[in-house]
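Visitor: First, the structure itself, so that you have it in front of you.
The values are calculated or read from the model by the stated rules, or taken from the named source; none is laboratory data. These numbers come from a predicted model, not from an experiment. Every residue, glycine among them, receives a Cβ derived from its backbone with ideal geometry; neighbour counts consider all protein chains shown. Accessible surface areas use protein heavy atoms only, side chains included; no ligands, DNA or RNA. Shrake-Rupley method; radii C 1.70, N 1.55, O 1.52, S 1.80 Å.
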Amino acid sequence: MLAIDQKVTLTCTETGQDAAGTIVRIQGNRVDVMLAVGDLLISLNMRKPGLYVGSQSGLEFVMRTGA
């Protein structure tokens, strides 16, 4: 289960690189994550249980959870 201030890892599908972030908002099927690098906010929408997808600056980011 996701929680505010939880540390998560996002993966950029274009580059394959991982980025650490912190959940700052949970609203329905949307989760907002603040990346540690550059204070960038990314909104992710649940595509299916345990898979969240969002985009920022032309890049797609994926977050997988244990759910």
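Visitor: Identify all residues within region 1-26 that are touching a Ser or Thr at 6+ places or on another chain (Cβ under 8 Å) and charged (D, E, K, R); write none if there are none.
Guide: Residues satisfying the conditions are Asp5, Lys7, Asp18.
Visitor: Let me ask something else about it. Could you tell me whether Gly50 is under 12 Å from the mean Cα position of the chain (by Cα), surrounded by fewer than 15 Cβ atoms within 10 Å (Cβ to Cβ) and at positive phi?
Guide: Against the criterion (under 12 Å from the mean Cα position of the chain (by Cα), surrounded by fewer than 15 Cβ atoms within 10 Å (Cβ to Cβ) and at positive phi), Gly50 qualifies.
Visitor: Select from region 7-26 the residues that are of a type in the set (S, T, N, Q) and open to solvent by 60 Å² or more (accessible area, probe 1.4 Å) and write down the one among them that is nearest to Phe61 (Cα to Cα).
Guide: Out of the qualifying residues, it is Thr13.
Visitor: Something else now. Being surrounded by fewer than 12 Cβ atoms within 10 Å (Cβ to Cβ) and hydroxyl-bearing (Ser, Thr, Tyr): is that true of Ser43 here? Steps first, answer last, please.
Guide: Details: surrounded by fewer than 12 Cβ atoms within 10 Å (Cβ to Cβ): no; hydroxyl-bearing (Ser, Thr, Tyr): yes.
So Ser43 does not fit the description; no.
Visitor: Taking region 27-40, which residues are surrounded by fewer than 13 Cβ atoms within 10 Å (Cβ to Cβ) and either under 12 Å from Met63 (Cβ atoms) or of a type in the set (A, V, I, L, M) (or both)?
Guide: Ala36, Val37 - these are the residues of region 27-40 that are surrounded by fewer than 13 Cβ atoms within 10 Å (Cβ to Cβ) and either under 12 Å from Met63 (Cβ atoms) or of a type in the set (A, V, I, L, M) (or both).
Visitor: Still on this model: Quick check on region 53-67: of everything there that is within 18 Å of Ala3 (Cβ to Cβ) and at pLDDT 95 or above, which residue is nearest to the chain's Cα centre (by Cα)?
Guide: The qualifying residue nearest to the chain's Cα centre (by Cα) is Met63.
Visitor: Pull up region 53-67, narrow it to residues that are on the phi < 0 side of the Ramachandran plot and of a type outside the set (A, V, I, L, M, F, W, C), then point me to the one that is least open to solvent (accessible area, probe 1.4 Å).
Guide: Gly54
Visitor: Right, here's the next one. List every residue pair whose Cβ atoms sit under 6 Å apart, with the two residues 6 or more apart in sequence or on different chains, where the first one lies in region 45-60 and is more than 21 Å from Thr15 (Cβ to Cβ) and the second, anywhere, is open to solvent by less than 70 Å² (accessible area, probe 1.4 Å) and modelled with pLDDT of 95 or more.
Guide: Partner pairs satisfying both residue conditions: Met46/Tyr52.
Visitor: Taking strands (runs of 3 or more DSSP E) that fall entirely within region 8-67, which contain at least 1 residues that are among the basic types (Lys, Arg)?
Guide: 18-27, 30-35, 41-48, 59-64
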